[in-house]
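Visitor: Take this structure, written in structure tokens, and hold onto it; I'll ask about it next.
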Amino acid sequence: MKLRETPVKELTEKQAASELKVLATEIALHDAAYHRDDAPTITDAQYDALTKRNAAIEKRFPELIRADSPSKKVGAAAATGFKKVQHVVPMLSLGNAFSDEDVADFVESMRRFLKLPEDENIEVTAEPKIDGLSFSARYERGSLVVAATRGDGAEGEDITANIRVVKAIPDFLMGDVPKVIEIRGEVYMTKADFAALNASQEKKGGKVFANPRNAAAGSLRQLDSKITAERPLKAFTYGYGEVKGMEWETQWEFIQDLKRWGFPVNPRTKVCKTLDAMLKEYRKLGEDRAGLAYDIDGMVFKVNRIDLQKRLGFVSRAPRWAIAYKYSAERAETVVENIDIQVGRTGTLTPVARLKPVNVGGVVVANATLHNEDEIARKDIRIGDSVIIQRAGDVIPQVLESLPAKRPKDSKPYKFPSKCPACGSHAMREEGEVARRCTGGLMCPAQSVERLKHFVSRNAFDIEGFGEKNIEAFFTDGLIKSPADLFTLEKRGGRAKLATREGWAEKSIDNLFAAIERRREISLERVIYALGIRQVGQATARLLAQAYGSFAAWRKAMTAAHDKESEAWKELTNTDQIGESMADDLVEFFAEKHNREILDALAKELTIADFEQPDVSGSPIAGKTVVFTGTLEAMSRDEAKARAQSLGAKVAGSVSKKTDLVVAGPGAGSKLKDAEKFGVKVVTEQEYLKLIG
Ligand code: IVH
């Protein structure tokens, strides 16, 4: 009997291993024939038989599953959703500019950071900002090995099989290639292809898309890459992630290599030497925008010299060396049918206009934010008013102004409620604040639900397949009241309870609990962010995780900081970028017994990983606390701080006995005295630069 015909349960381990090896190669060849060459050599049924046999053998011998197993590619994805891919170099976003002034500020602040003289220009590339879906495709020795979506920037979804069927993206690179390179770009659909696709979808009774971007995203995020292959997807590339074995002096030179390797690059990419040239390029593109075959939402400027890019580095999640200058938003007129009040996770009441649905630049808008009480009053927006609304990219649409001439005669100014619409508690407005807040705190169901939504959101616990609707439903039914409940749901008989609900088949229940289980191990920064403490966004969460290292140390310090005479308070407020008001919010969160209980119950369910210091092996200042004082000459204060942080140091604002090093330039005053008092080592800027190499 041939090996292939031996029943799986009779295979020896050795036979199984050798058959898995053969299957991996064979299935990969069929994949290539099908996806890359559009020329399959076997029928779909024969192909399915091969993958089924592979799965059956792997089920019996899980320890034999190969790194290159076909089950790790399309098959597995089809069953359980996309596999996750960690980005070795994070995929970041861009800061936005909305006016010429913003662009001038961008250039100016780079000049300041780099300490360049005023007459020295910073050359940039100008690239159209494609409105599509970003991807990262990794090539090893010139072959595509894995491709991923951006996801939350740190971790995306494995869309390798789908990227392989996008014709514009090569599977193999031509010419001289680096050992490893991750190519980044945007997959998009032309306006004409989008219209044709929608027309044919409508005929078939299939999904109709709101705009080309959604159509591109929906087509790329298909579990079945055969569907992706049928969609008219195109791509432009513009950047890189991890690279081994090649370097460029400028972004422009890199772009020339992209073309050489066979990648599509936007033909309107230019180099600009001055601010004037940048603004001119932006306007020219703007004039041609409507006539382009594809949607763009702005122009991206990137510092051309890569050595300068490296010095400029990043601030939280965006590079200092690039910016997106957005084109002005699209506007439309419609009617405010009602004004609803939404209660946020910290109790803020936000008024939302419910609109007569209207198409704004390809997207139907039915809701728009009215920001707050003062904004409604200032613009005098009333129920029944005709208004102008504006939508810019992915930002929430806003109401710009009302048109009083069209106002119904009996209309009255809108009266902002003084009670929380969710729990009836008094809604209070503190002096100097624009927000009116519900005082119901933990008793207010709307706040609880919003906190839970934040808790499971993408940059927090990111529980797959568990969105806002589920949170609302589970909360209403009393299944989940606080974060820890998510992790005890299964123990508390959650399976049986879910099974009685509509839309929860066994498979989706399995998937949900598997997704929850996967998140029991989680990074400290995600936990801190997930708590939804006022003012503590992702950047601050990361800063705190870095400063305190472990969950236990952070929790202890935040509780101790309640006493404003304590070392803990001093340390917290002395951490760079953490001001008093933020520190107050942190301390207040921990002062609330109920919050501590929620946190401890949660921690019991989790394994919270200590902050992973960036690889700073060999850095002489890793883990040290550094203070800069006086005038620095070779670099700006901001660059000095940024560089020290990237070398694993903590930068503090004042000198204490915890300080390890003071870097003092001319004009240093009291901090120098403090250094003497505490016996802290003091070096000059030159000595410091030598130290860090
Ligand atoms: S550069 C660190 N260049 O815009 C550099 N992005 O708002 C980050 N995008 O996530 C990106 N065209 O999806 C860059 N020429 C271009 C782009 C571009 C479109 C998208 C991309 C990115 C988003 C940031």
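The values are calculated or read from the model by the stated rules, or taken from the named source; none is laboratory data. For clarity, every value in this text was computed on a predicted model and none was experimentally measured. Cβ placement follows ideal geometry from the backbone for every residue including glycine, while neighbour counts extend to all protein chains displayed. The protein model used for the area step is the full one, side chains on, heavy atoms only, and it has no ligands, DNA or RNA in it. Shrake-Rupley method; radii C 1.70, N 1.55, O 1.52, S 1.80 Å.
Visitor: Along the three principal axes, how long is region 408-535 when you take its alpha carbons, biggest first, rounded to the nearest angstrom?
Guide: Cα spread of region 408-535 along its principal axes, largest to smallest: 56, 36, 27 Å.
Visitor: In terms of Cα to Cα distance under 13 Å, which aspartates and glutamates are near enough to residue 604, apart from those fewer than 8 places away along the same chain?
Guide: Qualifying aspartates and glutamates at Cα under 13 Å: 485, 521.
Visitor: Another one. Could you sort 244, 657, 650 by their accessible area in this structure, using a 1.4 Å probe and putting the largest first?
Guide: Putting 244, 657, 650 in descending order of accessible area: 657, 244, 650.
Visitor: Would you work out which of 504, 535, 488 lies farthest towards the positive end of the dipole of region 474-612, given +1 charges on the beta-carbon of Lys and Arg and -1 on that of Asp and Glu, about the Cα centre?
Guide: Positive-most Cα among the choices belongs to 504.
Visitor: Take the alpha-carbon centre of region 200-276, take the same for region 664-693, and report the distance between them in whole Å.
Guide: For region 200-276 versus region 664-693, the Cα centre distance is 49 Å.
Visitor: Relative contact order (percent) for the chain, with alpha-carbon contacts under 8 angstrom and 6 or more residues of separation?
Guide: Taking the mean separation of contacting Cα pairs over the length of the chain, I get 9 percent.
Visitor: Convex hull over the alpha-carbon atoms of region 219-348: what's its volume per residue in Å³? All intermediate terms of the calculation are to be shown ahead of the outcome.
Guide: Numbers: hull volume 34.1 nm³, N = 130.
Per residue, the Cα convex hull of region 219-348 comes to 262 Å³.
Visitor: Ratio of alpha-carbon Rg to the 2.2 N^0.38 Å globular estimate for region 443-495, to two decimals, please. If you can, show how the numbers build up before the last one.
Guide: Numbers: Rg = 10.4 Å, N = 53, 2.2 N^0.38 = 9.9 Å.
Region 443-495 yields a ratio of 1.05.
Visitor: Once each part is reduced to its C-alpha centroid, what is the distance from region 177-195 to region 453-479 in angstrom?
Guide: That distance is 32 Å.
Visitor: So what are the three principal axis dimensions of the chain from its Cα atoms, in whole Å, longest to shortest?
Guide: Over the chain, Cα extents along the principal axes are 86, 74, 59 Å.
Visitor: Another question, then. Using helices alone, what [θ] at 222 nm do you get for the chain, with -39,500 (n - 2.57) per DSSP H run of 4 or more residues, divided over all residues and rounded to the nearest 500?
Guide: Calculated mean residue ellipticity at 222 nm is -11500 deg cm²/dmol.
Visitor: Using the 2.2 N^0.38 Å rule of thumb for compact globular proteins, work out how region 335-413 stacks up: its C-alpha Rg over that value, please.
Guide: Rg over 2.2 N^0.38 Å, computed on Cα atoms: 1.08.
Visitor: Still on this model: Over the chain, with the other protein chains present, what is the accessible area per residue in square angstrom, probe 1.4 angstrom?
Guide: For the chain, the per-residue accessible area is 50 Å².
Visitor: Can you send over the solvent-accessible area of residue 371, 1.4 Å probe, protein chains only, in Å² to the nearest 10?
Guide: We get 70 Å² for residue 371.
Visitor: To the nearest 10 square angstrom, what accessible area does residue 448 show with a 1.4 Å probe?
Guide: Approximately 20 Å² of residue 448 is accessible to the 1.4 Å probe.
Visitor: Here's something else I'd like to know. Quick one: which residues, 5 or more positions from residue 83 or on another chain, have an amide H under 5 Å from its amide H? H modelled 1.01 Å from N in the peptide plane, none for Pro or chain starts.
Guide: Counting only residues 5 or more places away or on other chains, the set is 158.
Visitor: State which entries of 453/564; 179/270; 419/491 exceed 31 angstrom in Cα-Cα distance in the structure shown.
Guide: Working: 453/564 33 Å; 179/270 28 Å; 419/491 38 Å.
Among 453/564; 179/270; 419/491, the Cα-Cα distance tops 31 Å for 453/564; 419/491.
Visitor: Of 83/356; 244/681; 204/234; 191/273; 84/234, which pairs sit farther than 30 Å apart, going by alpha carbon to alpha carbon?
Guide: 83/356; 244/681; 191/273
Visitor: List the pairs from 310/677; 310/624; 259/650; 167/302; 21/207 whose alpha-carbon separation is above 31 Å, in the order I gave them. Present the calculation step by step, with values, prior to reporting the outcome.
Guide: Working: 310/677 37 Å; 310/624 23 Å; 259/650 42 Å; 167/302 27 Å; 21/207 40 Å.
Beyond 31 Å: 310/677; 259/650; 21/207.
Visitor: Would you kindly derive the ³J(HN,Hα) couplings of region 327-340 from the backbone phi angles with the Karplus curve 6.51 cos²θ - 1.76 cosθ + 1.60 (θ = phi - 60°), listing them in order in whole Hz, with x for Gly and Pro?
Guide: Using θ = phi - 60°, the values come out as 7, 5, 6, 8, 10, 7, 9, 7, 10, 7, 7, 7, 10, 9 Hz.
Visitor: Might you work out the accessible area of residue 252 for me, using a 1.4 Å probe with all protein chains in place, and round it to the nearest 10 Å²?
Guide: Rounded to the nearest 10, the figure is 90 Å².
Visitor: While we're here: Rounded, prolate or oblate for region 145-302? Axes are the square roots of the Cα gyration tensor eigenvalues, ordered a ≥ b ≥ c, and the cut-off for rounded is a/c under 1.5.
Guide: Oblate, because a/c is 1.5 or more while a/b does not exceed b/c.
Visitor: Where the accessible area of the chain is counted over protein heavy atoms with a 1.4 Å probe, how much of it, in %, is carbon and sulfur?
Guide: 52 percent
Visitor: For region 75-136 and region 550-584, what is the separation of their Cα centres, given in Å?
Guide: 33 Å
Visitor: In addition: Shape of region 388-455 from its Cα gyration tensor (a ≥ b ≥ c, root eigenvalues): rounded if a/c is under 1.5, otherwise prolate when a/b > b/c, or oblate?
Guide: Because a/c hits 1.5 or more and a/b fails to exceed b/c, region 388-455 counts as oblate.
Visitor: Continuing with the same structure: Checking the a/c ratio against 1.5 first, then a/b against b/c, what shape does the Cα gyration tensor give for region 491-629?
Guide: prolate
Visitor: Let me ask something additional. If 602, 689 are ordered by their accessible area, calculated over protein heavy atoms with a 1.4 Å probe, which sequence runs from highest to lowest?
Guide: 689, 602
Visitor: Whenever you get a sec, line up 510, 485 from highest to lowest accessible area (probe 1.4 Å, protein heavy atoms). Numbers along the way, then the final one.
Guide: Details: 510 60, 485 35 Å².
The ranking, largest first, comes out as 510, 485.
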